[in-house]
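Down below is the structure, laid out as structure tokens.
Please treat every number below as a calculation from the coordinates, not as lab data. Here the structure is a predicted model, which means the values were calculated and not measured. A quick note on method: Cβ atoms are made from the backbone with ideal geometry, for glycine too, and the neighbour counts reach across all protein chains shown.
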């Protein structure tokens, strides 16, 4: 079937019937000339149309709401949109800077936008070392004068490769050491001595946090790495893992986390930590109790997490410690660690303001636990984890409120007893829980406030399945319905 185009061609051809061929050839030349002229006009019109379209887009853009956003707010939005603490922040920043000239100008004048974590690894850059060094220099210049977080890491698949092959990148990073806000060195054993020598000469004026985690290369026998830091006036937080020793000034630290090879090392360090607030220690035990203990005072210390392993004694650290402001104490002790009740009580007398106690794998008897709790009258939170030396029935009875007997630790409102294998009598446990719990309506109807705190949370997770009876679990369910955060299982 003929199309409209075909029919139009046939009609025009019929109109030319009888016309001599020479005349038709002249008509063809004239028509081709007309078509060429029309094509030229169309091209010109298309160009004019595109120019008008561009003008229209520009006018819409000029009155768009985003154009009225103040530069300061736009810069803040950019910073919030970028994941500065993640590895893809480089790509995100470049995407923002390439949207338009205005956004690029704002991005380049927002140093905060360029302060994401800079990770230097032993992987050879795809575009070459010199180009990577130049790119790093440009990036660091855009973040000036702000501090930047820095990470040096050895990637596992490249652990056998030499760091010297990317030395220009490392050197460029070291030039800006005065602007490092935090420093993380992963697998320090893989780095070479010249790096640490150069690091020791750096002025780290803005450095606030240092983390040198345990190395996956730190198997026995451990190759210990000594890291010396120069001028670090603002260093507040230090975390050092197994296989690393640090030589530095300790006086400015507020948060210290150390994994030590010998317990006496901490006794040499702590007297210099006058501003310490949080302390985490992982160390082998002392083989013998120390005969003499010279006290060092840490007035600002609030939190101690002390993990002690191998056979021996843990009290030498606490025997030296005078921390009147201590609020939170966590002790993780191997089963063969000696518990000295008298020495621990002396420590409690020096630190009477503890509100949170966390005992893990401790070998206390029920009587010893009652003694410990009795010397922490302000205690609000108690956690017992894998403490399987004795049945704590006496301690649970001492926590009961009622019958005119002054209760143990009256401020206690958060109790967690998890994975302690020795079972407690359900009637004793249930009676203690109920004695210190009132629903909101019951609490409002009391003639006078109770002398003990009301439970806010109670957790008891056992090792064995189906340890508790159906009746006991129904009681716990009722307490949950009344508002108690209770977890038993």
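Quickly rank 367-376, 46-55 as a protection proxy: mean count of other C-beta atoms within 10 Å, highest first. Show your work: numbers first, answer last.
Details: 367-376: 18.4, 46-55: 10.0.
Top to bottom by mean Cβ count within 10 Å: 367-376, 46-55.
Tell me the relative contact order for the range 65-116 as a rounded percent, counting alpha carbon contacts under 8 Å between residues six or more apart. All intermediate terms of the calculation are to be shown ahead of the outcome.
Numbers: 37 pairs, mean separation 20.6, N = 52.
This gives 40 percent for the range 65-116.
Answer with a single label: of [x] 32.6; [y] 26.7; [z] 29.5, which was calculated as Kirkwood radius over Cα pairs in Å from the structure in view?
Structure-derived value, by its label: [z].
Ranking request for peptides 238-251, 475-488, 106-119: highest mean number of other beta-carbon atoms within 10 Å first, then the rest in descending order.
Values: 238-251: 17.1, 475-488: 15.5, 106-119: 18.9.
Highest mean packing first, the order is 106-119, 238-251, 475-488.
Figure the gain on full extension for residue 196 and residue 35 (residue separation times 0.36 nm, minus the Cα-Cα span) and round it to one decimal in nm. Provide the component values of the computation, followed by the final result.
Numbers: separation 161, 0.36 × 161 = 57.96 nm, distance 7.86 nm.
Working it through step by step, the gained length comes to 50.1 nm.
Which whole-number percent gives the relative contact order of the range 277-347, counting Cα pairs below 8 Å spaced six or more residues apart?
35 percent
Can you work out the FRET efficiency for the pair residue 9 and residue 94, with r the C-beta to C-beta distance and R0 = 51 Å, to the nearest 0.05?
Once rounded, the FRET efficiency stands at 0.35.
If the viscosity is 1.002 mPa s and the temperature 20 °C, what translational diffusion coefficient in µm²/s does Stokes-Einstein give for the range 65-116 when Rh comes from Kirkwood over Cα pairs? Please report the intermediate quantities before stating the final value.
Values: Rh = 11.0 Å.
Taking Rh from Cα pairs, D becomes 195 µm²/s.
In what sequence, highest mean first, do 27-36, 329-338 appear when ranked by Cβ atoms within 10 angstrom?
Numbers: 27-36: 10.1, 329-338: 17.8.
Most protected by this proxy first, the peptides run 329-338, 27-36.
Cα axis of helix 4-15 to longest principal axis of the chain: angle in degrees, 0 to 90, nearest 10?
Roughly 10 degrees, rounded to the nearest 10.
Starting from 0.36 nm per residue, how many nanometres of slack lie between residue 144 and residue 28 once their C-alpha separation is accounted for? Please report the intermediate quantities before stating the final value.
Values: separation 116, 0.36 × 116 = 41.76 nm, distance 7.23 nm.
Full extension from residue 144 to residue 28 adds 34.5 nm.
Given the C-alpha centroids of the range 259-327 and the range 100-119, what is the distance between them in whole angstrom?
Centre-to-centre (Cα) distance: 45 Å.
Measure nothing but the geometry: give the 0 to 90° angle between the long axis through the Cα atoms of 21-62 and the longest principal axis through the Cα atoms of the chain, rounded to 10°.
30 degrees
I need to check one value: relative contact order of the chain, counting alpha carbon pairs closer than 8 Å and at least 6 residues apart, in percent. Kindly include the intermediate steps, with their values, before the conclusion.
On the way: 841 pairs, mean separation 27.5, N = 489.
So the answer I get is 6 percent.
Give, as ranges by residue number, the residues of the range 334-350 whose backbone N falls under 12 Å from the point 7 Å along Cα→Cβ of residue 365.
Zone members listed by number: 341.
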